[in-house]
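Novice: Handing you a structure now.
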Amino acid sequence: MSLLELRRVSKSRSRGSRRIEVLREVSLELDAGEFVAVWGLRHSGRSTLLQVAAGVDLPDTGAVYFEGTELRASGATELGRGVGYCHVGVSVPAGRAVIDRVRAGLLARGVASPIAYSSAHKALERVGIERSGELVMGDLDGAEGMRVAIACALVLGPRVLVIDEPTKGVDLLERDKILLLVRSLANEGIAVLISDGDGSALSDADRSLTLADGELRGKATPELGSLLQLQRAAGKSTAA
């Protein structure tokens, strides 16, 4: 059983006076430790696919499963826990402190403030910006903003990380660093699904898929998933 699975998912959006089918019976499976990138042109439905995959939005038809249980957008308990969703376009007050932004999800779940603060600091450290905790969100550049978005998801301990265009708005010299971070998270066993608008992530991903005319093209199922995990586990043991 795959960690995350989309089964024959379809979704339409309004575009002006027209109704466009942006996803047409899309199926996709994602295993733990995999890094999967979905490339597509503007308005191809990349963001819609990721929102549906994360449980942020409901498909019109078909279903999404996390560990065999169907996700529901309305009150989905797995969103933010088992499944983390990152999108830098989410509106956040520019004057809010970074550390407060990262620990907000824990506080909302009733975690004590000192523990939430410590966990948020560790998440910022994991994404490489532990010294930015006391800055305000409005002071961050594109790369830092994406790292904070990833930290907000990581602090909740997800098994699946869904990231909408991790290199969007990021300076060219910083894009590789962001992708190396994403790759390292997959190597640690988190399943990572990203959308890619410029093709920068395709060479780093375990699988690169294309979304066009509502159809997902490429290998929709894990390729030698079990072998991949064994190889990574062996590599970690050797390194240790």
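The values are calculated or read from the model by the stated rules, or taken from the named source; none is laboratory data. Because the structure is a prediction, the values reported are computed rather than measured. Cβ placement follows ideal geometry from the backbone for every residue including glycine, while neighbour counts extend to all protein chains displayed. Calculation scope for accessible area: heavy atoms of the full protein, side chains included, ligands and nucleic acids excluded. Shrake-Rupley method; radii C 1.70, N 1.55, O 1.52, S 1.80 Å.
Novice: Looking only at segment 162-180, count how many residues are open to solvent by 10 Å² or more (accessible area, probe 1.4 Å) and in a helix (DSSP H, G or I).
Specialist: Residues in segment 162-180 being open to solvent by 10 Å² or more (accessible area, probe 1.4 Å) and in a helix (DSSP H, G or I): 7 in total.
Novice: Another one. Would you point out which residue out of Ala54, Ala73, Ala37, Ala112 is open to solvent by 20 Å² or more (accessible area, probe 1.4 Å), of a type in the set (A, V, I, L, M) and either within 15 Å of Ile194 (Cβ to Cβ) or at pLDDT below 95 (or both)?
Specialist: Exactly one of Ala54, Ala73, Ala37, Ala112 is open to solvent by 20 Å² or more (accessible area, probe 1.4 Å), of a type in the set (A, V, I, L, M) and either within 15 Å of Ile194 (Cβ to Cβ) or at pLDDT below 95 (or both), namely Ala73.
Novice: Confirm whether Ala94 is part of a loop (DSSP other than H, G, I, E, B), of a type in the set (A, V, I, L, M, F, W, C) and more than 19 Å from the chain's Cα centre (by Cα). Steps first, please.
Specialist: Working: part of a loop (DSSP other than H, G, I, E, B): yes; of a type in the set (A, V, I, L, M, F, W, C): yes; more than 19 Å from the chain's Cα centre (by Cα): yes.
It is true that Ala94 is part of a loop (DSSP other than H, G, I, E, B), of a type in the set (A, V, I, L, M, F, W, C) and more than 19 Å from the chain's Cα centre (by Cα).
Novice: Now a separate question. Look at segment 121-150 and say how many of its residues are touching an Asp or Glu at 6+ places or on another chain (Cβ under 7 Å) and part of a helix (DSSP H, G or I).
Specialist: Looking only at that region, the number is 5.
Novice: Turning to a different aspect of this structure: Of all residues in segment 200-222, how many are under 9 Å from Gly40 (Cα atoms) and of a type outside the set (Val, Ile, Thr)? If you could, list the steps in order and put the result at the bottom.
Specialist: Keep residues of segment 200-222 that are under 9 Å from Gly40 (Cα atoms), which gives 209-212.
Of the ones still in play, those that are also of a type outside the set (Val, Ile, Thr) are 209, 211-212.
Counting residues in segment 200-222 that are under 9 Å from Gly40 (Cα atoms) and of a type outside the set (Val, Ile, Thr) gives 3.
Novice: Go through Val56, Val52 for me and flag whichever is within 20 Å of Gly214 (Cβ to Cβ), part of a loop (DSSP other than H, G, I, E, B) and under 13 Å from the mean Cα position of the chain (by Cα). Spell out how you get there, then give the answer.
Specialist: Values: Val52 fails: part of a loop (DSSP other than H, G, I, E, B).
From the options Val56, Val52, the qualifying one is Val56.
Novice: For segment 123-138, name all the residues that are open to solvent by 80 Å² or more (accessible area, probe 1.4 Å) and either touching a residue at least 24 places away in the same chain (Cβ under 8 Å) or aliphatic (A, V, I, L, M) (or both). Let's see the steps before the verdict.
Specialist: Step one: filter segment 123-138 for residues open to solvent by 80 Å² or more (accessible area, probe 1.4 Å), giving 125, 131, 134.
Result: Glu134, single match.
Novice: Right, another one. Which residues, counting only those in segment 155-173, are out of contact with any strand residue (DSSP E or B) (no Cβ under 7 Å at 6 or more places or on another chain) and in contact (Cβ under 8 Å) with a residue 60 or more places away in the chain?
Specialist: Step one: list which residues in segment 155-173 are out of contact with any strand residue (DSSP E or B) (no Cβ under 7 Å at 6 or more places or on another chain), which gives 155, 157, 167-173.
Answer for segment 155-173, where residues must be out of contact with any strand residue (DSSP E or B) (no Cβ under 7 Å at 6 or more places or on another chain) and in contact (Cβ under 8 Å) with a residue 60 or more places away in the chain: Gly157, Lys168, Gly169.
Novice: Among the numbered criteria (1) surrounded by 15 or more Cβ atoms within 10 Å (Cβ to Cβ); (2) more than 16 Å from Trp39 (Cα to Cα); (3) modelled with pLDDT of 90 or more, which one does Glu188 miss?
Specialist: (1)
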